[in-house]
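Student: Mind looking over this structure? Questions follow.
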Amino acid sequence: MSIILCEPQCAGFEHAAFNAALLCTVGAAFPDDEIVFFAETTHRREIEKVLISTQAPPLQIDWRAAQLPTSRGLRRLPAERALVQSVLAVCGSTAARSSTPVRGVLFCSATEITILALKQLLRSVSAPPGIHIVLHGVLRSLEEPRWRKPWRWGFSLRQALRMKHPPNLKYIALSQSICDYAARAEPSLKDNLRAIDMPRLWNSEVSTKRDSARARFGFFGSTAKGFAPFYEIARAVKSQNLAADFSLVGFLNGRDLQCDYNENIVAGLSRAPISQQEYSVRAAAIDYAVWPANAAHYRLTASASFLDALDYLKPVIYLANPYIDAYAQQLGDIGYRCETLAQMQNVIETLAREFPAERYEQQRAALLRGREIFEPTKIAPTLKAIIEEHS
């Protein structure tokens with residue numbers, strides 16, 4: 001049999017780590033199946049880099065080029081329909097030339113327009129019994145004020161979800177906590193949404209040694225998710241001349257590009273994307289990963305940055321949120337949960353004054369033990385059950 005995957009919106013390195021791990025999860029779930037993957041050319045190259053650098057098990061992948069939509073809002077619809085049509089057409093041709101049918105189709109991400117295009121086409125096009133869509137950040141739009149973003153004028157995710165639903169179309173959320181909250185936020189999802197943990201391929205060369213007398217705190221990922229309060233905490237701690245250093249493990253984007261940030265407060269204020277090698281160097285150099293983002297952001301969105309912290313075995317200092325809270329309960333002592341930014345600053349000051357070496361190593365050990373729940377081989381049985389539910 002065969003499984004067809006499609007990444008309908010990401011180019012370059014965006015979601016490359018996730019899609020590489022998802023490929024390995026599919027491969028582990030269905031080791032005898034042929035895998036066909038539609039991906040934009042630069043995205044394919046980044047996925048292949050991840051597979052090589054993490055020493056992933058070999059996969060036989062039939063790569064197909066995907067022409068990604070460039071417009072926003074409903075203007076995406078013709079291009080989205082064309083891409084979805086090409087995927088469904090391969091389903092038919094694969095089934096025709098093979099003695100065994102297509103097991104299913106898995107869209108690695110989606111916009112609300114992807115869902116609209118699929119629902120329109122599935123009214124008239126023959127398709128496999130199981131089509132699944134992984135929902136990433138698009139779920140957050142369920143909490144946005146109506147029409148807040150111009151490119152969503154005229155259509156929304158909520159509208160797409162409430163359209164007549166094909167019986168062979170299902171959605172996947174990237175944690176049980178997100179799945180539960182999304183079903184409460186949009187009741188039409190209740191019978192059509194399933195959950196898996198976000199799969200991850202771990203860095204095979206992570207140092208377990210600290211080489212600094214100073215406590216080092218890093219901000220992972222997109223600066224839109226709480227970098228400003230991280231910078232203000234760094235400024236306050238630095239003003240006390242404590243043995244603490246702060247750095248950005250990533251690059252400035254969005255509104256942060258216009259801010260007058262100082263390298264003496266937070267190091268690594270890159271204004272352009274950095275290489276994976278540079279990202280790894282910065283991540284390895286810190287002791288703690290700090291998350292001052294609004295808790296509401298993680299009600300409906302999984303955090304690749306959280307998995308980055310697990311990848312490099314960095315205990316977390318985070319504002320309480322349902323996504324990390326759920327995993328902290330499973331993994332044990334993996335860092336410091338803070339109710340307020342003031343408490344977060346107090347924790348950082350305490351660590352800078354007296355570094356808790358023994359507890360730190362215990363936390364890193366808990367991260368190393370617990371992170372196996374995100375490995376493709378652990379997630380594969382759940383994904384297999386979801387896909388086979390309609391095959």
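Student: Given +1 on the Cβ of Lys and Arg, -1 on the Cβ of Asp and Glu, and no further charges, what dipole in debye does the stretch 311-391 carry about its Cα centre, rounded to the nearest 20?
Tutor: So the magnitude is around 100 debye.
Student: Also, quick follow-up: Got a sec? Charge dipole of the chain, +1 on Cβ for Lys and Arg, -1 for Asp and Glu; which of S156, I233, A380 is way out at the positive end?
Tutor: Farthest towards the positive pole: S156.
Student: A further question follows. Applying 1/(1 + (r/R0)^6) with R0 = 45 Å to the Cβ-Cβ distance of Q120 and N241, what FRET efficiency is obtained, to the nearest 0.05?
Tutor: For R0 = 45 Å, the calculated efficiency reads 0.10.
Student: For the stretch 155-225, state which trypsin sites (Lys or Arg not before Pro) are in a DSSP loop and have at most 15 other beta carbons lying within 10 Å of their beta carbon.
Tutor: Answer in residue order: K164, K190, K209, R210, R214.
Student: A follow-up question, please. Using a simple spin-label model with points 7 Å from Cα along the Cα→Cβ vector, what separation in nm is obtained for Q362 and L74?
Tutor: Output for this residue pair reads 5.9 nm.
Student: Under a point-charge model restricted to the Cβ atoms of Lys and Arg (+1) and Asp and Glu (-1), what is the dipole moment magnitude of the chain relative to its Cα centre, in debye to the nearest 20?
Tutor: Roughly 1200 debye, rounded to the nearest 20.
Student: On to the next question. For the stretch 234-254 and the stretch 342-360, what is the separation of their Cα centres, given in Å?
Tutor: 15
Student: Here's another thing I want to ask about it. Determine the alpha carbon to alpha carbon distance for each of K170/K378; K225/K378; K190/K225 and list only those over 25 Å.
Tutor: K225/K378; K190/K225
Student: Right, next: Based only on other Cβ atoms within 10 Å, what is the fewest-to-most ordering of D311, D260?
Tutor: So the residues, fewest neighbours to most, are D260, D311.
Student: Mean separation of Cα pairs under 8 Å and 6+ residues apart, divided by the residue count of the chain: what relative contact order is that in percent?
Tutor: Relative contact order, the chain: 17 percent.
Student: Work out, step by step, the length gained on full extension between S86 and A228: first 0.36 nm times the residue separation, then minus their alpha carbon distance; give nm to one decimal.
Tutor: Contour length minus Cα-Cα distance gives 46.8 nm.
Student: Before rounding to the nearest 500, sum -39500 (n - 2.57) across all DSSP H runs of length at least 4 in the chain and divide by the residue total; then give [θ] at 222 nm in deg cm²/dmol.
Tutor: Calculated mean residue ellipticity at 222 nm is -12000 deg cm²/dmol.
Student: Treating only the Cα positions of the chain as identical point scatterers, give the base-10 log of I(q)/I(0) from the Debye formula at each q in 0.06 Å⁻¹.
Tutor: Calculated log10 I(q)/I(0) at the listed q: -0.24.
Student: Moving on to the next point. Once Rh for the stretch 215-372 is found with the Kirkwood sum over Cα pairs, what is the Stokes-Einstein diffusion coefficient at 4 °C and 1.567 mPa s, in µm²/s?
Tutor: 83
Student: Okay, next question. Check the straight Cα-Cα distances from K238 and name the aspartates and glutamates below 14 Å, setting aside those fewer than 8 residues away within the same chain.
Tutor: E263, E349
Student: Please list the non-local residues whose amide H lies under 5 Å from the amide H of F38, H modeled 1.01 Å from N, same-chain partners needing a gap of 5 or more.
Tutor: For F38, the qualifying residues are L5, C6, E7, R64.
Student: Quick one: putting +1 on the C-beta of Lys and Arg, -1 on the C-beta of Asp and Glu, what dipole do you get for the stretch 245-391 around its Cα centre, in Debye to the nearest 20?
Tutor: 200
Student: Now for a different question. Averaging sequence separations of C-alpha pairs under 8 Å and six or more residues apart, then dividing by the length of the stretch 215-372, give the relative contact order as a whole percent.
Tutor: 25
Student: What's the longest piece of the chain with no exposed GluC sites (Glu not before Pro), counting a site as exposed if DSSP puts it in a loop and it has at most 14 other beta carbons within 10 Å?
Tutor: The longest such stretch corresponds to 1-204.
Just so you know, all these numbers are worked out from the coordinates, no wet-lab data involved. As the structure is a prediction and not an experimental result, all values here were calculated from the model. Glycine also receives a Cβ, built like all others from the backbone with ideal geometry; neighbour counts cover every protein chain displayed.
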